[in-house]
Amino acid sequence: MNTQRTAALMVPAGGDGNLEEAAENVPGTLPGAVAAAAGKLINIDNGGTLTDICVIDGDRVWSTKTVTTPHDLSKCLIDGLTKASRAIYGEDDLMALLLSTEYIRYSTTQGTNALVERKGPRLGLILGGTLEAAALQASAQQSGLLASLVGARIETLDPALEGEALEAAAVRMVNSLCSAGANRIVVAFGGSACSSSETNLKKILLRKFPPHLLGVIPILYSHEVVDDADDARRTWTALFNAFLHPAMERFLYNAEHKLRQYRTRNPLLIFRNDGHSARVARTIALKTYSSGPRGGAEGSKALAAHYGFRRLLSMDVGGTTTDIGLVEDGVVRAHRRGKMEGIETSFPLCDVVSAGVGGSSIIRAEGKGIKVGPESVGSAPGPACFGLGGKEATMTDAFLLTGLLDPASYFGGELKIDVERARAAITEKVAVPLGLTPEQAAQAMEKAWVSKIAASLKDYAPITRDTVLAAFGGAGPFVACKVAEALDIGRVIIPGLAAVFSAFGIGFSDIAHAFEAPLPSNDATGLQACREQLLLQARRAMFGEGVELEQCRIEESLRVIDAEGEHHIALGADQLAIPAQARVSLMLQAVKPISHAKLAGEFGKASQDAVSTAKRRTLAGDLPLYRVEDQPAGATAAGPAVLEDAFFTCRIEESWRFEINQAGDILLSRH
């Protein structure tokens with residue numbers, strides 16, 4: 001099933017109704033852009049339920065979805081690419097697609113899911129120097145997670161040990177941890193000499209446990225992951241990376257191997273949570289954490305820049321969660337010390353909050369009120385209306401009962417939904433306990449659902465007069481007007497590729513690597529020595545990407561830690577005064593720009609009334625139905641109405657008006 005829109009979106013710059021069948025073929029094309037790239041661009045967002053794929057080929061974009069196969073993630077990758085080739089060529093031709101593709105950029109939530117579910121290796125921990133286990137358990141969250149990931153598999157080296165005594169103790173500790181079940185070990189020392197101490201221990205253990213022997217346990221040294229003077233934070237960063245590494249390594253290398261069989265032009269690029277991409281071999285596991293939501297944030301950043309939104313608050317509403325982010329003055333909100341499971345790490349992380357509310361959230365009566373989520377029915381069994389065995393009431397069931405959704409057109413007509421199953425679930429779980437009719441219960445469910453999303457958005461960031469709301473994800477546009485009204489927001493933008501917007505956003509990334517090292521001395525000589533060291537590392541890293549350093553943009557800054565805390569100094573042409581009494585590190589990033597999308601289209605040029613050829617019977621009355629694919633550029637109309645794309649539906653409220661521009665983007669304005 002193809003869906004065409006009428007204008008440019010981007011310009012490259014250099015059966016039974018089951019979910020699997022529904023996701024099998026969801027392509028869409030957007031004509032009208034100017035071709036400038038050397039080949040196709042493929043963006044993939046691997047989620048827990050569905051895997052989204054965007055293929056950009058000059059003036060056209062195809063999107064498709066496939067069911068994620070957690071038992072073998074490379075299967076849904078190849079399945080999705082094959083389905084994309086079918087949409088492009090009219091038949092399965094994966095070889096032709098991959099041979100004509102310049103870059104494949106990929107993100108996955110599997111690392112996030114693995115940590116949430118605690119599915120990973122049994123870690124062992126060797127501590128040394130001034131670092132003790134108590135420093136890793138300063139909070140209840142740290143204590144609980146350390147117990148889950150490491151447990152009792154912790155050994156502490158006596159800092160007074162040297163020579164043969166140190167060697168004997170190190171060997172004994174490794175053997176003890178292995179006997180206790182550890183299959184991966186992290187070594188972390190505390191104090192100013194942590195790097196040299198860890199390096200010394202590494203030399204010992206390499207002699208005692210040479211890596212060429214069968215069954216040698218992998219050992220990760222914290223200073224090799226990151227340079228961070230905070231010993232506990234650096235250790236937690238190393239523990240997270242060690243936990244995520246095995247599963248990510250197996251899957252990503254397997255995926256890359258399969259792609260090589262089709263002679264892909266360039267290696268698979270992994271989209272990271274810092275907004276950049278790199279080869280599998282050049283990506284640490286920790287930077288894959290929460291990379292999918294960062295794709296949505298990068299897309300929002302591009303939207304904000306293109307349309308001149310100073311403050312764009314985004315809600316990516318999926319089946320289980322609503323991912324919330326903010327772009328302000330062209331910058332994605334992020335934490336310099338990002339948190340995982342509430343624990344601070346040494347790396348920056350995009351500040352995306354996941355609220356437990358989505359289209360498949362379980363909604364039930366609780367006392368005299370209604371509880372929304374955080375539990376979800378997911379894709380299996382799914383909402384009751386899917387007819388796959390689900391008995392719980394969800395927002396999807398409520399939207400079907402209120403008439404917002406049409407069983408004939410839901411999910412592009414590929415997924416059959418049953419209004420009577422929805423009615424039965426809502427009657428049992430909500431209506432009867434609250435003494436309401438099923439229709440009244442559905443309306444009450446909507447009100448509670450909107451309130452929870454609005455409250456989550458308000459908790460995340462203050463709402464100002466210039467805040468614009470971006471609504472995307474499969475469930476994002478549903479009642480975006482109501483969410484905006486609850487927040488007193490007057491404008492909402494729905495991107496043309498709302499259903500796969502995080503996958504689309506991945507395509508704004510470049511190849512980049514960042515490095516950091518302390519200055520050997522806080523003067524110009526120390527700065528120059530450190531710069532030469534990091535430039536050499538950058539050259540080697542970019543060479544591994546097939547890029548010369550001269551092709552890259554170099555970004556530099558100093559990180560200063562003194563009595564006043566931590567702050568940054570940008571390096572420029574002016575004379576630089578380096579603080580003498582402080583811990584100063586040089587941060588250097590090499591960025592190689594690659595082909596990616598640029599948005600087109602503008603608002604405020606509405607030229608004609610939108611076309612409605614049908615009505616949608618809802619509890620609010622028979623509303624005009626506007627199909628997005630049927631509208632000319634500049635089409636506009638006022639609510640109340642229903643606006644429907646192949647893969648999202650939006651109810652336009654009475655005091656709102658929509659405008660669809662030549663790029664297929666939709667602006668909702670309250671008047």
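Looking only at the range 610-645, residues that are among the acidic types (Asp, Glu) and not in a strand (DSSP E or B) come to 3 in all.
I'd like to check something: does the range 289-310 contain any residue that is under 20 Å from residue 245 (Cβ atoms) and touching an Asp or Glu at 6+ places or on another chain (Cβ under 7 Å)? Walk me through it before giving the result.
To start, the set of residues in the range 289-310 that are under 20 Å from residue 245 (Cβ atoms) comprises 289-292, 294.
Applying the additional criterion that residues be touching an Asp or Glu at 6+ places or on another chain (Cβ under 7 Å) yields 292.
Checked the range 289-310: at least one residue is under 20 Å from residue 245 (Cβ atoms) and touching an Asp or Glu at 6+ places or on another chain (Cβ under 7 Å).
Consider the range 75-107 and keep the residues that are among the polar types (S, T, N, Q) and under 23 Å from residue 276 (Cβ atoms). The one that is modelled with the highest pLDDT is 101. The single condition among (1) exposed (fewer than 15 other Cβ atoms within 10 Å of the Cβ); (2) under 27 Å from the mean Cα position of the chain (by Cα) that residue 134 does not meet is (2).
Hey, among the residues in the range 197-215 that are surrounded by 14 or more Cβ atoms within 10 Å (Cβ to Cβ) and among the hydrophobic types (A, V, I, L, M, F, W, C), which one's farthest from the chain's Cα centre (by Cα)? Per the stated criteria, the residue is 204.
Filtering the range 381-431 to residues that are at positive phi, small (Gly, Ala, Ser) and in contact with a Phe, Trp or Tyr (Cβ under 9 Å, 6 or more places away or on another chain) leaves only 412. With the condition kept exactly as written, say whether any residue in the range 443-460 is assigned to a loop (DSSP other than H, G, I, E, B), over 22 Å from the mean Cα position of the chain (by Cα) and surrounded by fewer than 19 Cβ atoms within 10 Å (Cβ to Cβ). No - not one qualifying residue is present in the range 443-460. When residue 596 is tested against (1) part of a strand (DSSP E or B); (2) under 24 Å from residue 300 (Cβ atoms), exactly one condition is not met: (1). For residue 589, are the conditions met, namely being of a type outside the set (A, V, I, L, M, F, W, C) and part of a strand (DSSP E or B)? So residue 589 passes the test.
Which one is surrounded by the fewest Cβ atoms within 10 Å (Cβ to Cβ) among residues in the range 65-79 that are closer than 16 Å to residue 252 by Cα and either in contact with a Ser or Thr (Cβ under 6 Å, 6 or more places away or on another chain) or not assigned by TED's automatic domain parsing to the domain that holds residue 262 (or both)? Checked the range 65-79; the qualifying residue surrounded by the fewest Cβ atoms within 10 Å (Cβ to Cβ) is 75. What number of residues in the range 144-178 are surrounded by fewer than 16 Cβ atoms within 10 Å (Cβ to Cβ), within 42 Å of the chain's Cα centre (by Cα) and small (Gly, Ala, Ser)? Residues flagged as surrounded by fewer than 16 Cβ atoms within 10 Å (Cβ to Cβ), within 42 Å of the chain's Cα centre (by Cα) and small (Gly, Ala, Ser) within the range 144-178 amount to 6.
Which residues, counting only those in the range 179-196, are surrounded by fewer than 21 Cβ atoms within 10 Å (Cβ to Cβ) and under 22 Å from residue 237 (Cα atoms)? I'd like the intermediate steps shown before the answer.
First, the residues of the range 179-196 that are surrounded by fewer than 21 Cβ atoms within 10 Å (Cβ to Cβ): 179-181, 183-184, 191-193, 195-196.
181, 183, 184, 191, 192, 193, 195, 196, listed by residue number.
Per this entry, residue 268 is counted among residues that are farther than 15 Å from residue 109 by Cα and in contact with a helix residue (DSSP H, G or I) (Cβ under 7 Å, 6 or more places away or on another chain).
Among the residues making up the range 335-360, those that are part of a strand (DSSP E or B) and at pLDDT 90 or above are 343, 344.
Looking at this structure, is residue 530 at pLDDT 90 or above, over 23 Å from residue 104 (Cβ atoms) and not assigned by TED's automatic domain parsing to the domain that holds residue 228? Here the answer is yes, as residue 530 does meet what is asked.
Contact map, the range 54-67: first residue of a type in the set (Phe, Trp, Tyr), second residue surrounded by fewer than 21 Cβ atoms within 10 Å (Cβ to Cβ) and part of a strand (DSSP E or B), Cβ cut-off under 6 Å, separation 6 or more or different chains; pairs are 62/29. The set of residues from the range 415-454 being out of contact with any strand residue (DSSP E or B) (no Cβ under 9 Å at 6 or more places or on another chain) and of a type in the set (Gly, Ala, Ser) comprises 424, 435, 442, 454.
Of all residues in the range 321-352, exactly one satisfies the criterion of being under 21 Å from residue 499 (Cα atoms) and either over 14 Å from the mean Cα position of the chain (by Cα) or among the aromatic types (Phe, Trp, Tyr) (or both), namely 327. Set side by side, the residues 184, 172 differ, and just one is more than 19 Å from residue 228 (Cβ to Cβ) and touching a His at 6+ places or on another chain (Cβ under 9 Å), which is 184. Here is the figure for the range 411-442: residues that are of a type in the set (Val, Ile, Thr), surrounded by fewer than 22 Cβ atoms within 10 Å (Cβ to Cβ) and not in a helix (DSSP H, G or I) total 1.
If the condition is being of a type outside the set (A, V, I, L, M) and over 23 Å from residue 47 (Cα atoms), then the range 465-501 contributes 465, 466, 467, 481, 482, 485, 488, 490, 491. Quick one: in the range 484-503, which of the residues that are not aliphatic (A, V, I, L, M) and not in a strand (DSSP E or B) is nearest to residue 276 (Cα to Cα)? Out of the qualifying residues, it is 502.
Okay, residues lined up against (1) within 16 Å of residue 448 (Cβ to Cβ); (2) in contact with a strand residue (DSSP E or B) (Cβ under 9 Å, 6 or more places away or on another chain):
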| residue | (1), (2) |
| --- | --- |
| 316 | no, yes |
| 358 | yes, yes |
| 370 | yes, yes |
| 378 | no, no |
| 385 | no, yes |
| 409 | no, yes |
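Results for (1) at pLDDT 90 or above; (2) among the small types (Gly, Ala, Ser); (3) closer than 22 Å to residue 152 by Cβ, shown as yes or no for each residue.
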position	(1), (2), (3)
166	yes, no, no
175	yes, no, yes
182	yes, yes, yes
185	yes, no, yes
188	yes, yes, yes
193	yes, yes, no
196	yes, yes, no
206	yes, no, no
232	yes, yes, yes
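The values are calculated or read from the model by the stated rules, or taken from the named source; none is laboratory data. Owing to the predicted nature of the structure, the values given are computational and were not obtained by experimental measurement. As a convention, Cβ positions derive from the backbone with ideal geometry for all residues, glycine included, and neighbour counts pool all protein chains shown.
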